Amino acid sequence: MFRRFHSIAYCPQSGYSGRMNTTDKTTLLITCARGLSEMLRAEVEALGFTVQASHDTGVELAGDMADAMRLNLHLRTAFNVLYLLAEFPCRTPDQLYREVSKLPWEDIIPSNEYLCVVGRIDTPSIDNTMYPNLKIKDAIVDRILKKTGARPDSGKERTHVVVQAYWKGDRCWIYLNTSGQKVSDRNYRKLPVAAPLRESLAAAIILTTGYDGSQPLVCPMCGSGTLAIEAALIASRRAPGLMRDNFSFMHTKLYDADLWQQMRTEAGKQHKKRGKAEYRPSRIIATDLDPTAVEAARRNAMTAGVEHLIEFAACDFADTEIPDGGGIIVMNPEYGMRLGELDELKVLYARIGDFFKQKCAGYIGYVFTGNYELAKKVGLRTSRRIPFFNGSIECRLLKYEMYAGTRKQKETKDTPDSTD
Ligand SMILES: C[S@@+](CC[C@H](N)C(=O)[O-])C[C@H]1O[C@@H](n2cnc3c(N)ncnc32)[C@H](O)[C@@H]1O
């Protein structure tokens, strides 16, 4: 678990000091997919925060509820923003109930709200991991009932108040999950397409390429358009949280609606400024062989408010228009987990190598894949192989530099591992 530092959160030695004060600092734990915490750290620091601790699946900082709201609005690579309420030693479910009951839940959750408790339990005395969640839920609603005469409903939906617990060994942390549904669920993908990338992963891939909108970006094999849409959002400085009208923090008593509106207006101004002609990003081109995917991508881009920044076309990737003067190409071909697909995919990956060599001089090409055998079929020298996780699948973002003029990409036979 993370190193902890001073916080306002309840701890049994000092007790809880009066009403919840949303302007005092507590620990904010921001979670992310495995392997993305360095990228998340950079994002958090770019917003002016100081990261206190980093882990494979998250970062920690000191912050208040306003900070948590701001992070929910702006972060691209995060899953959830968690606001620490309490940390205490805990050995049994009864002790858990007692400690959780001490928190001033009546100051946090309106009695007419809906509550969902989720937890990660890793303690030897507990087999049924649902049981602690039930104890926490009981402790919260019993306390609110006692103090106010009414109690919130509870269930599995993460659309209202979400309380999140980590119980590891003999220590327990209770957080308010201020996001509810993951920050990475941006709500723009309305039409399903096979094997879409999670939005936070797509954003991390685009940020890794160093893309900032100043050069052309080409996404052949765009599928539902996630990479192109995230790129357009980055280029136009559109805060991803502007696309959502529901976060868990809005359902708590710690929510300041005026402040949230102010933050949204401020973020909107930045975006509008970038929308002006002089700031317009260079061309973003998204294509796919499947016309249904292209239509889905176009509609998703429309929902995300960036359709005007992306040029769509249905074609084989090799026929995608490559603007003159260099830029970035990002491809996410299938990587065939089913038997029988591999032979076809080997041919496809070899064609990607030919496409890079023959049509993409002056570009930096990236291939995101979870299959190293297929990656070798590209047959070009990688200048970097950046590890990522797509769910539980270990993947790589392979970087190929196609020099213009005489410094051609060196061709290697099945040895993308040879350079790094
Ligand atoms: C893994 S999916 C991409 C998913 C995408 N990154 C997303 O987030 O939705 C691979 C895509 O490659 C497309 N594709 C396969 N062969 C192609 C080809 N020869 N030319 C262009 N697109 C192709 C498929 O139609 C599919 O949409």
Original post:
Out of all the residues in segment 399-416, is one or more modelled with pLDDT under 95, more than 28 Å from the chain's Cα centre (by Cα) and in a helix (DSSP H, G or I)?
Top reply: yes
Subject >> Counted residues, segment 282-323 - those being within 21 Å of residue 365 (Cα to Cα) and in contact with a Lys or Arg (Cβ under 7 Å, 6 or more places away or on another chain) >> reply: 5
**OP:** Report, by residue number, each residue of segment 190-208 that is surrounded by fewer than 23 Cβ atoms within 10 Å (Cβ to Cβ) and within 14 Å of the ligand (Cβ to nearest atom).
**Re:** 190, 191, 192, 193, 194, 195, 196, 197, 198
**OP:** Of the conditions (1) within 26 Å of residue 329 (Cα to Cα); (2) crowded, with 17+ Cβ neighbours inside 10 Å; (3) away from the ligand (no atom under 16 Å from the Cβ); (4) at pLDDT below 95, residue 216 clears all except one; give me its number.
**Re:** (4)
Original post:
Exactly one of (1) surrounded by fewer than 15 Cβ atoms within 10 Å (Cβ to Cβ); (2) closer than 22 Å to residue 317 by Cα; (3) among the acidic types (Asp, Glu) is unmet by residue 230. Its number?
Top reply: (1)
**OP:** Please name all residue pairs, on different chains or six or more residues apart, with Cβ atoms under 7 Å, provided the first residue is in segment 186-203 and is closer than 15 Å to residue 299 by Cα and the second residue is polar (S, T, N, Q) and more than 11 Å from the ligand (Cβ to nearest atom).
**Re:** 188/303; 190/303
**OP:** Could you tell me whether residue 322 is surrounded by fewer than 22 Cβ atoms within 10 Å (Cβ to Cβ), more than 10 Å from the ligand (Cβ to nearest atom) and more than 18 Å from residue 238 (Cα to Cα)?
**Re:** yes
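Report yes if some residue within segment 280-292 is away from the ligand (no atom under 12 Å from the Cβ), within 26 Å of residue 243 (Cα to Cα) and surrounded by fewer than 15 Cβ atoms within 10 Å (Cβ to Cβ); otherwise report no.
Initially, segment 280-292 is screened for residues away from the ligand (no atom under 12 Å from the Cβ), giving 280-285.
From what is left, the residues that are within 26 Å of residue 243 (Cα to Cα) are 280-285.
After this cut, where a residue has to be surrounded by fewer than 15 Cβ atoms within 10 Å (Cβ to Cβ) as well, the list is 280.
Yes: one or more hits.
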**OP:** For segment 324-372, enumerate the residues that are without any contact (Cβ under 8 Å) to a residue 24 or more places away in the chain, outside any loop (DSSP other than H, G, I, E, B) and acidic (Asp, Glu).
**Re:** 343, 344
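If you check residue 354 against the conditions, is it more than 14 Å from the ligand (Cβ to nearest atom), charged (D, E, K, R) and more than 30 Å from the chain's Cα centre (by Cα)? Full working, then the answer.
Numbers: more than 14 Å from the ligand (Cβ to nearest atom): no; charged (D, E, K, R): yes; more than 30 Å from the chain's Cα centre (by Cα): yes.
No, not satisfied.
The values are calculated or read from the model by the stated rules, or taken from the named source; none is laboratory data. Treat the numbers as computed from the prediction; the structure is a model and nothing was measured. For neighbour counting, all protein chains shown are included, and Cβ atoms are generated from backbone atoms with ideal geometry for every residue, glycine included.
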